[in-house]
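**Student:** My structure is below; once you've seen it, I'll send some questions.
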Amino acid sequence: MLAANFHEPGDLRLEDVPEPTAGPGELKLRMHATATCGTDAKIFRHGHPRLDPPQVIGHELAGEVVEVGEGTEGFAVGDRVQVIAAVPCGECWACEAGIAQVCENQTSMGYQYPGGFAEYMIVPELVVRVGGVNPIPEGLSYAEAAVTEPLACALNAQELARVGEGDVVVVMGAGPIGCLHVRLARSKGAARVFLTDINADRLKLSADRVEPDAMIEGSGQEVIDAVRELTGGRGASVVITAAPSGKAQEDAIEMVAPEGRISFFGGLPKDDPYIRLDSNAVHYKELTIVGANGSSPDHNRRALDLIASGAVPVEDLITHRMPLSEVHRAIEAVISGEAIKVVVEP
């Protein structure tokens with residue numbers, strides 16, 4: 001079969017590899033849609049410490065069951081399914097406490113297990129066992145289902161930040177995850193949602209689709225001032241930093257209202273993970289700052305339901321669809337910012 005094998009930074013090869021078969025407890029999928037994201041671009045350019053090459057990458061997954069391994073229950077050939085990316089062990093203290101997204105033994109599709117940039121993919125027994133395979137509801141396309149995983153991550157973040165009725169939400173970063181945050185906040189009852197970005201073209205591309213109540217181009221004090229003006233000087237109820245920017249995290253503290261919540265959604269570069277934080281602002285304004293690390297199988301199930309119900313539409317966010325033979329162009333579209341969401345359809 002054809003697969004995109006990562007060998008080293010800058011070296012992603014389309015290769016003929018042996019077609020896999022399903023072992024006990026496993027499923028074999030014919031891949032119909034694997035969405036690309038910024039992490040795929042990072043792996044392509046820099047590799048990843050948790051990924052030992054060569055490895056088939058791609059972790060936003062939707063496909064059709066074509067083989068059911070011995071002892072695998074609850075699935076049949078022909079089932080359309082979405083698969084989680086982050087795989088909890090199901091046994092550690094975090095998993096037992098119901099916070100599987102911070103499992104201390106977490107593994108991932110496209111890292112420790114071959115991913116979805118291939119014609120066929122094996123769903124490991126552990127993924128099946130922890131409830132990581134979700135039926136795709138009737139009427140929902142494979143491409144839409146492949147966007148479940150990033151929405152699940154956004155869902156985790158917004159639940160931690162307690163986004164809800166009447167909130168004024170600022171989303172910093174107008175990439176695909178920022179677009180999902182805008183729509184998810186609306187589905188949770190936010191009264192107004194503002195979208196900001198330093199890239200005018202990307203901001204317009206995204207804003208034309210998700211239609212925030214205001215779009216704010218720029219960074220630093222000009223964004224802080226704009227948010228304060230839009231809120232009558234009060235500030236936002238919630239600020240979500242959906243970009244890998246330490247400056248955005250620092251600015252979030254300045255633009256959030258008293259008793260406000262901040263989600264540090266976008267992680268920072270490993271070689272520059274520190275920010276200057278005004279501790280007095282946190283203290284006197286009684287702010288809550290939360291992180292957000294991926295998603296659990298439960299987040300994925302509920303995110304898929306949000307997409308299928310129409311509460312969080314994603315079809316119009318898929319701006320590019322490409323065959324597996326053009327996986328390099330798909331990743332370049334992510335890097336260049338010309339796309340919102342790119343789906344590879346093997």
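The values are calculated or read from the model by the stated rules, or taken from the named source; none is laboratory data. Small disclaimer: the values here were computed from a predicted structure and weren't measured. Cβ sites come from the backbone with ideal geometry, for glycine too, and all protein chains shown count toward neighbours. Heads up: the accessible areas ignore ligands, DNA and RNA and are worked out on the full protein's heavy atoms, side chains in. Shrake-Rupley method; radii C 1.70, N 1.55, O 1.52, S 1.80 Å.
**Student:** Going through Asp298, Asp225, Asp305, Asp251 one at a time, which residue ends up being outside any loop (DSSP other than H, G, I, E, B), of a type in the set (Asp, Glu) and open to solvent by less than 20 Å² (accessible area, probe 1.4 Å)?
**Tutor:** Of the residues listed, the single one that is outside any loop (DSSP other than H, G, I, E, B), of a type in the set (Asp, Glu) and open to solvent by less than 20 Å² (accessible area, probe 1.4 Å) is Asp251.
**Student:** Ala257: assigned to a strand (DSSP E or B) and either touching a residue at least 60 places away in the same chain (Cβ under 8 Å) or over 17 Å from Ala174 (Cβ atoms) (or both), yes or no?
**Tutor:** yes
**Student:** Under 7 Å by Cβ, and 6 or more places apart or on different chains, what pairs join a residue from region 272-293 that is touching a residue at least 60 places away in the same chain (Cβ under 8 Å) and outside any helix (DSSP H, G or I) with one that is surrounded by fewer than 15 Cβ atoms within 10 Å (Cβ to Cβ) and among the hydrophobic types (A, V, I, L, M, F, W, C)?
**Tutor:** none
**Student:** Looking for something on the phi < 0 side of the Ramachandran plot, touching a Lys or Arg at 6+ places or on another chain (Cβ under 6 Å) and not in a loop (DSSP other than H, G, I, E, B) - is there at least one such residue anywhere in region 66-80?
**Tutor:** Checking region 66-80: at least one residue is on the phi < 0 side of the Ramachandran plot, touching a Lys or Arg at 6+ places or on another chain (Cβ under 6 Å) and not in a loop (DSSP other than H, G, I, E, B).
**Student:** Now for a separate question. In the list Glu70, Glu125, Glu96, Glu64, which residue meets the criterion of being touching a strand residue (DSSP E or B) at 6+ places or on another chain (Cβ under 6 Å) and acidic (Asp, Glu)?
**Tutor:** Going through Glu70, Glu125, Glu96, Glu64 in turn, the sole match is Glu64.
**Student:** Just to verify a result, which residue in region 109-158, among those that are free of Cβ contacts under 8 Å to residues at least 60 places away in the same chain and in a helix (DSSP H, G or I), is farthest from Gly235 (Cα to Cα)?
**Tutor:** This residue is Leu126.
**Student:** Now for a separate question. Looking at (1) touching a residue at least 60 places away in the same chain (Cβ under 8 Å); (2) within 15 Å of Leu180 (Cβ to Cβ); (3) open to solvent by 20 Å² or more (accessible area, probe 1.4 Å), which one does Gly310 not meet, given that it meets all the others?
**Tutor:** Result: Gly310 fails condition (1) only.
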